[in-house]
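Peer 1: I have a structure here, written as structure tokens, and I will follow up with some questions on it.
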Amino acid sequence: MEPGTDFTLDSLLVSPTLLTAAKKTMYREMIGSLMYLAIMMHPDISFAVSTISQYLDIPWTTHINAMRCIFCYLLGTKQLRLVLRGKINNVVGFSDADWASHIHRHSNLGFAFFVSLGVVSWSAKKQPIITLSSTESEYVALTHASKDIIWLHKLLKELSFLYPLSLPTTFHCS
């Protein structure tokens with residue numbers, strides 16, 4: 001997705017043409033397929049899918065064109081794979097948030113955790129609250145990421161007979 005793209009109905013980029021009932025159903029089915037892919041195999045499309053899925057009730061032709069771009073991206077990257085290798089003894093996390101970058105004034109957050117060299121947990125979503133500063137937005141993102149790392153540590157602790165884990169976790173926030 002283009003950075004800073006605004007798909008709200010007031011934007012000049014959004015076409016004035018609504019989808020027909022049949023295309024609206026197809027749009028919803030395709031969003032469901034993309035959500036499955038984003039959760040199970042492609043964390044790289046999470047943000048784009050969550051952005052266009054906000055328009056399930058009233059999709060315009062601009063929204064379906066943006067969804068087609070995501071499918072083209074998937075087609076072009078289908079040969080790429082995530083590879084897990086190396087010694088599994090450390091967890092590294094990355095977290096980031098943008099502050100009020102859209103007209104709805106909610107910030108977006110994202111985080112990813114790596115065990116050794118592979119991503120094992122990730123999230124990208126709109127923050128549930130409207131934050132008043134970029135610092136507060138980062139703290140909200142870190143809170144969500146911290147909950148996830150606690151869960152990940154408990155999981156890896158149960159699997160410690162397979163994968164020895166060194167604590168603490170290195171956590172990067174930008």
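The values are calculated or read from the model by the stated rules, or taken from the named source; none is laboratory data. Worth saying up front: this structure is predicted, and the values here are computed from it rather than measured. Note that each Cβ is placed from the backbone with ideal geometry, even for glycine, and that neighbours are counted across all protein chains shown.
Peer 1: Just checking, how many residues over the range 9-62 are among the small types (Gly, Ala, Ser) and under 22 Å from the mean Cα position of the chain (by Cα)?
Peer 2: 7
Peer 1: Which residues, counting only those in the range 16-44, are in contact (Cβ under 8 Å) with a residue 40 or more places away in the chain and either surrounded by 12 or more Cβ atoms within 10 Å (Cβ to Cβ) or closer than 21 Å to residue 106 by Cα (or both)?
Peer 2: Filtering the range 16-44 down to residues in contact (Cβ under 8 Å) with a residue 40 or more places away in the chain leaves 16-19, 23, 27, 30, 43.
Passing the criteria: 18, 19, 23, 27, 30, 43.
Peer 1: Moving on. For the range 5-31, what are the residues that are within 18 Å of residue 73 (Cβ to Cβ), part of a helix (DSSP H, G or I) and of a type outside the set (A, V, I, L, M)?
Peer 2: 27
Peer 1: Residue by residue through the range 37-78, note down the ones that are among the polar types (S, T, N, Q) and farther than 18 Å from residue 119 by Cβ.
Peer 2: From the range 37-78, those among the polar types (S, T, N, Q) are 46, 50-51, 53-54, 61-62, 65, 77; that's our starting set.
Matches in the range 37-78: 51, 53, 54, 61, 62, 65.
Peer 1: Of the numbered conditions (1) outside any strand (DSSP E or B); (2) among the small types (Gly, Ala, Ser); (3) under 20 Å from residue 48 (Cα atoms); (4) at pLDDT 85 or above, residue 146 satisfies every one except a single condition; which is it?
Peer 2: (3)
Peer 1: Could you list, ordered by first residue, the pairs with Cβ atoms under 6 Å in which the first is in the range 104-123 and assigned by TED's automatic domain parsing to the domain that holds residue 140 and the second is hydroxyl-bearing (Ser, Thr, Tyr) and not in a strand (DSSP E or B), at least 6 apart or interchain?
Peer 2: These pairs meet every condition: 107/131; 107/137.
Peer 1: Return yes or no: is residue 70 on the phi < 0 side of the Ramachandran plot, touching a residue at least 60 places away in the same chain (Cβ under 8 Å) and either part of a loop (DSSP other than H, G, I, E, B) or under 17 Å from the mean Cα position of the chain (by Cα) (or both)? It would help to see each step written out before you state the result.
Peer 2: Numbers: on the phi < 0 side of the Ramachandran plot: yes; touching a residue at least 60 places away in the same chain (Cβ under 8 Å): yes; either part of a loop (DSSP other than H, G, I, E, B) or under 17 Å from the mean Cα position of the chain (by Cα) (or both): yes.
Yes: the conditions hold for residue 70.
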